[in-house]
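First comes the structure, then the notes that go with it.
Quick note: the coordinates plus some simple rules give every number you see, no bench work behind them. Note that the structure is a prediction, hence the values are computed from the model and not measured. Here the Cβ positions follow ideal geometry from the backbone for every residue, glycine too, while neighbour counts run over all protein chains shown.
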Amino acid sequence: MTPVTVTTEWHERFVQMLPSIQRYASMAFRHMKTEAREEAISDVIANSLVAFVRLVELNKVAIAYATVLARYAVAHYRDGRRVGTCTNSKHSVHPLTSPLMSCV
């Protein structure tokens with residue numbers, strides 16, 4: 001099997017799961033305004049893709065389910081954990097340490 005074939009296979013599998021991931025995220029964020037909801041759904045899709053690619057790297061694609069990926073991605077979003085952002089809680093723009101989140 002060539003690397004292109006392997007890439008195509010996991011890509012196709014993720015694309016098949018995408019509608020379920022989007023549906024789960026839409027329900028989870030139905031209370032948000034449209035623009036914020038679309039951003040949250042995009043973050044969930046990105047997080048699900050990163051998790052799925054990691055499962056592919058570990059050769060554990062058989063245990064990848066759309067609902068599970070989406071549920072954990074929604075939990076990460078609600079916890080402020082975004083794909084491609086700083087995870088340092090002491091960082092000045094971290095959601096939990098920004099001035100808007102400080103207690104009086």
List the residue pairs whose Cβ atoms are under 9 Å apart, where the first residue sits in the stretch 35-60 and is without any contact (Cβ under 8 Å) to a residue 12 or more places away in the chain, the second is part of a helix (DSSP H, G or I) and among the polar types (S, T, N, Q), and the two are 6 or more positions apart or on different chains.
R37/S26
Which one is surrounded by the fewest Cβ atoms within 10 Å (Cβ to Cβ), of the residues in the stretch 68-83 that are in contact with a helix residue (DSSP H, G or I) (Cβ under 6 Å, 6 or more places away or on another chain) and closer than 21 Å to Q16 by Cα?
V74
